[in-house]
Each structure stands twice: as C-alpha cells, then as structure tokens.
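Asker: I have a structure I would like to understand better, so I am pasting it below and will then ask my questions one at a time.
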Amino acid sequence: MSNYQSAIEAVQAIKAKAGSSWDAINPESIARMRAQNKFKTGLEIAQYTADIMRADMAAFDADKTKYTQSLGCWHGFVGQQKMISIKKHFDGKTDRRYLYLSGWMVAALRSEFGPLPDQSMHEKTSVASLVEELYTFLRQADARELGGLFRELDAAAESDKAAIQYKIDNHVTHVVPIVADIDAGFGNAEATYLMAKQMIEAGACALQIENQVADEKQCGHQDGKVTVPHADFHAKIRALRHAFLELGIDNGLIVARTDSEGAGLTKEIAVVKEPGDSGDIYNSYLDVEEIDVADMGEGDVVFNRGGKLVRPKRLPSGLYQFRQGTGHERCVFDCIGALNAGADLLWIETAVPTVHEIKGMMDDVRKVHPDAKLVYNNSPSFNWTLNFRQQAYDAMVEAGEDVSAYVRGDLMNAEYDDSELSATADERVRTFQADTAREANVFHHLITLPTYHTTALSVDNLAKEYFGEQGMLGYVKKVQREEIRQGIACVKHQNMSGSDMGDDHKEYFAGENALKAGGAKNTSNQFN
C-alpha cells in the first residue's frame, strides 16, 4: 500500500471516531494537505537538513568529486526559484545543492535602516526571519508541486493512477540545507547564543561565524578587519554548540571562518596563562619593538616576551597591528584552534581565488586535522576574469611561451575574449571548484551575492529596452517569451503565488459552493 493510501486510511479512522459532525470532512483532502506540509516546525527542518549535510560530508570524504554547492539569496522567492530550477534541470533531484544566507545581502537588502554595508549594523532578528522566510517559500514549492500531482491523479484513468501515486509517495522536497551567516555573533557569547537559537528554531542547520570583533566587523573583502583572540572566538563557537544541543539538533554544523589572511589588526592583546598557549601564540604575531623600562611613554602598553620587554605598535585608533606576512600562519593557527574548539567546517577568506594558496593553507591545517574540510566563498568581490587571465598569463611566462600578443595590465580588454589565453583562463574558472575540492579538500562552494548581481543586470537590461525604443517588446521578447520557451514556472505567476492551492482549499472547505479563481476567465490559462 502506498504512503498516500495509508495516510487516507489513517484519517478515515480518525474521522470514524469523531461521529457524524465530521461527515463533510474528506479524508483524502486531509491526506493531501498533510503531504503538502511535510515539515511542521523549523526544528524538524534543522534536523532533517543537518542529517543531509552530515551524509554529504561522509560521501565527500570517500569521493572528492562529491563536493556541494550553494548560491546566496536575499528573499524567499529567490531561494524557491533556485530549487525549482535545480529540480527541473537535474532529474528532479537536489543532491548536494544548498542555499546560502549572506549577512552582506541581509545588510544591503533587508534592513529597516535601508541599504547598509556589511558591518553588522542591521537588525539581529532579520537573519532568523530570512531563514524562516526561505523555508516558507520552499515548503510552498513542495505544496504547489504536489498539488499539480493531485490534479493529475484526479484526471487520470484508473490504469494510470498507480504511477502518479508513486510520484506522490516518492516526492523530493525542495527543502535543502541553508548555511546561514551569523557574522561575528552580534555581540558577546551570550548574544551569539541567543541569536543562534532563533536561527536554529527557524530551520538553520549550519551556522557560519567569523573571528572578527563584533563591533568592528567588516566585509571579508574589505580593509580594516580586526580579529579577536582565540579564547573569545572559541567561546562563541561553544555558544553555538550549546544552542544546537539545547534545541535537540545534536548534529548541527558550525562553520568557523577566519579573516586573518587579510586582517592586519587586533583590538586586544591576548591573555597568556602559560608559555606556548593560544594567547601566547596570538601575541607572537604582533608587530612589536623591544624597549627598556626607561623608554616607556605615558600610557604605553608593554608586555614580557621571553624575558624581554616589548611594546606592540599601536595605531591612533587604539588598535594593534600584526607583522606583515603572517596572514598564512595566522589562518592556519585559527583553523586548527577552531576545530579543536568544536567547529565542523572551516572558511578561509582569501584576497584572490587561487588553487595553490587555498591548498597551501589547508595542507598545513590537515597536518594536524587530516579530515579538515573547507567552505570556500567564490565571491563576486573577486574579478574572476582578470584574476584567472593573470594566472594564465603568468603560467605562460613561466613555461617560456610567447606572451607578446598580450598586455598583462590590460587583460580585461574585450579584444582578448576569443584568445587562447582567455580560453585557458575560462577553463581554469570552470574547473576551479572541482580542482580545489580535490586539491584543498573544499567540501562546499558557494557564491555569496549572485542573485544581487543577476537582479541588477536583468533590471538594467529590461529598463534599457522598455523605456527605450523597444517599449513593450523589450519585456515580451526578453522576459515573457523566454519564460515560456524555457518553461519557467513563474510565467504563471498566479499559480506560483498559491492561487491554485487556495482553490483546492476552498473546495475542501465549501465543496460545490466554493468560489474559485481558476475558472475559464483566468488569464493564466493563456499559458497552458
């Protein structure tokens, strides 16, 4: 017996106990509604998706081609459309494809203050609200798709019903893991814990936290980043773990991000309890000068290093600077410490996307933690075309090849688009994720802000055409006609908004008295 049929029978049994007042309740309608509402709470989603990520991590350990991917999104509709598209193009499956929730996009697009830089100035609750919104839209995508199958079932001949019931029983949900950005925790460890609970209760199974100072937080691809001593960061990692465990998500995931590669500043001199501890190592990277007591100025901060009095270089801002060239070492130190503190995955922000640099740091981390896995930001902050053309150019020089046809300082020039160098660079971009998965143990690849950029590009093109000479043809030819040709579901925007599901419910509740929107005069029928 199918799951669908079992559900109908279960409701029939409940109805029989209720008596005649329930005579108008159709058990099949309730079975359909239950199927369309598979996940009742965010915690159910968090547990379900955490299990997926853990299974994917194990599969990746056995086969480096099985890395995972996600795209950043700033609205539930965006996330929904991505998953609908993935199911459409990849045999109805969502395997190893997640969503990423970017703090940058929450700040820029979701704050009540208006557009903000990525500096943790937006409302704390807006991140958890977006997690909940994303899953609301994904659950509606399930309901919409199943609603279509139920309509097929009703219209099918008896001989065809079994095949449709099989599709219903084996429906693949659009609900997938979300890797959610909690920035630097939006305060102290207690604030981090409270915010984490909200995000987990909304459905987040993986929380990404960075080692910057919360009140000085900067985008990972901007200057002025300030890191915290390891004891502070590890307390926040433990706060996340406590939040997961309190809520019963025992296998929730923590992604520990280090910004040390590009962060040259710290706000604190770490506490040292004994030589060689994490505080001592953190301080060893500070840019200091050896002094005598007599050289101390009023208000100077000094400390003992190996029996010598040293004064860290302090900027007018009150911040201390690290020695130049220590970024690689500090990243490795951060990663090892984070894994020791209970993190599950690592995130290293780099200045440019190069396989050898990422591999170099991960090789050093894996000397201590052989199974260490990385989440890597394939950021739009990188000029991918320029970076990879420069890498291709430099490789040609190293190989002794003739580069006289190219000017390294002008490699973005469109004249090079059809060149051999460009083809080589584009191929490196194409294989970058597979290469770093294999060489640097990158388990998850994400693009933080793709839908921000695609929205800007598509709106720019539409405005140029529609407000220009093309008029309405600018919309019809470039948007609607392509939606129809490519089978984009939202060409039927009434259906996407839930109108047909509403009609189903009206019929469940009112029977033949239902006033439905999907009749003959509904203009969406033009797209059937």
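The values are calculated or read from the model by the stated rules, or taken from the named source; none is laboratory data. It should be emphasised that the depicted structure is a prediction, and the values quoted were computed from it without experimental measurement. We place every Cβ from the backbone using ideal geometry, glycine too, and count neighbours over all the protein chains shown.
Asker: Can you tell which of Tyr393, Tyr406 is crowded, with 19+ Cβ neighbours inside 10 Å, in a helix (DSSP H, G or I) and free of Cβ contacts under 8 Å to residues at least 40 places away in the same chain?
Answerer: So the residue among Tyr393, Tyr406 that is crowded, with 19+ Cβ neighbours inside 10 Å, in a helix (DSSP H, G or I) and free of Cβ contacts under 8 Å to residues at least 40 places away in the same chain is Tyr393.
Asker: Also, quick follow-up: Report yes if some residue within segment 297-305 is among the aliphatic types (A, V, I, L, M) and more than 30 Å from Ile178 (Cβ to Cβ); otherwise report no.
Answerer: Yes, that holds for at least one residue.
Asker: Now a separate question. Which condition number in (1) touching a Lys or Arg at 6+ places or on another chain (Cβ under 8 Å); (2) in a strand (DSSP E or B) is the one that Gly342 fails?
Answerer: Result: Gly342 fails condition (2) only.
Asker: For segment 1-18, state whether one or more residues are in a helix (DSSP H, G or I), basic (Lys, Arg) and at pLDDT 95 or above.
Answerer: No, there is no match, as no residue in segment 1-18 is in a helix (DSSP H, G or I), basic (Lys, Arg) and at pLDDT 95 or above.
Asker: Quick one: Gly299 ticks every box in (1) under 24 Å from Tyr376 (Cβ atoms); (2) surrounded by fewer than 13 Cβ atoms within 10 Å (Cβ to Cβ) bar one, so which box is it?
Answerer: Going through (1) under 24 Å from Tyr376 (Cβ atoms); (2) surrounded by fewer than 13 Cβ atoms within 10 Å (Cβ to Cβ) one by one, Gly299 breaks only (1).
Asker: While we're here: When the residues of segment 133-192 are filtered to those that are polar (S, T, N, Q) and under 24 Å from the mean Cα position of the chain (by Cα), which remaining residue is farthest from Glu123 (Cα to Cα)?
Answerer: Result: Thr173.
Asker: Do we have any residue at all in segment 380-398 that's closer than 17 Å to Asp426 by Cα and in contact with a His (Cβ under 6 Å, 6 or more places away or on another chain)?
Answerer: Taking every residue of segment 380-398 in turn, at least one turns out to be closer than 17 Å to Asp426 by Cα and in contact with a His (Cβ under 6 Å, 6 or more places away or on another chain).
Asker: Moving to a separate point now. Taking the residues in segment 79-132 that are among the aromatic types (Phe, Trp, Tyr) and surrounded by fewer than 20 Cβ atoms within 10 Å (Cβ to Cβ) as candidates, determine which candidate is nearest to the chain's Cα centre (by Cα).
Answerer: If we take residues in segment 79-132 being among the aromatic types (Phe, Trp, Tyr) and surrounded by fewer than 20 Cβ atoms within 10 Å (Cβ to Cβ), then Phe90 is nearest to the chain's Cα centre (by Cα).
Asker: Taking the stated definitions as given, is Ala463 in a helix (DSSP H, G or I) and small (Gly, Ala, Ser)?
Answerer: In short, yes.
Asker: Being part of a helix (DSSP H, G or I) and over 36 Å from the mean Cα position of the chain (by Cα) is the filter; apply it to segment 513-526 and report the residue that is modelled with the lowest pLDDT.
Answerer: Among residues in segment 513-526 that are part of a helix (DSSP H, G or I) and over 36 Å from the mean Cα position of the chain (by Cα), the one modelled with the lowest pLDDT is Thr523.
Asker: Also, quick follow-up: Could you go through segment 91-111 and let me know if any residue there is without any contact (Cβ under 8 Å) to a residue 40 or more places away in the chain, of a type in the set (A, V, I, L, M, F, W, C), farther than 23 Å from Glu483 by Cβ and in contact with a helix residue (DSSP H, G or I) (Cβ under 8 Å, 6 or more places away or on another chain).
Answerer: So far as segment 91-111 goes, no, none of its residues is without any contact (Cβ under 8 Å) to a residue 40 or more places away in the chain, of a type in the set (A, V, I, L, M, F, W, C), farther than 23 Å from Glu483 by Cβ and in contact with a helix residue (DSSP H, G or I) (Cβ under 8 Å, 6 or more places away or on another chain).
Asker: If Leu446 satisfies every condition in (1) surrounded by 12 or more Cβ atoms within 10 Å (Cβ to Cβ); (2) under 29 Å from the mean Cα position of the chain (by Cα); (3) assigned to a helix (DSSP H, G or I) but one, which is the exception?
Answerer: (3)
Asker: Does Lys197 satisfy being assigned to a helix (DSSP H, G or I), at pLDDT 95 or above, out of contact with any Phe, Trp or Tyr (no Cβ under 7 Å at 6 or more places or on another chain) and crowded, with 24+ Cβ neighbours inside 10 Å?
Answerer: No.
Asker: Can you name the residue in segment 486-512 that is without any contact (Cβ under 8 Å) to a residue 60 or more places away in the chain, within 30 Å of the chain's Cα centre (by Cα) and part of a helix (DSSP H, G or I) and is also nearest to Ile30 (Cα to Cα) among such residues?
Answerer: Ser499
Asker: If you don't mind, another one. Going by the conditions given, is Val293 at pLDDT below 90 and at negative phi?
Answerer: yes
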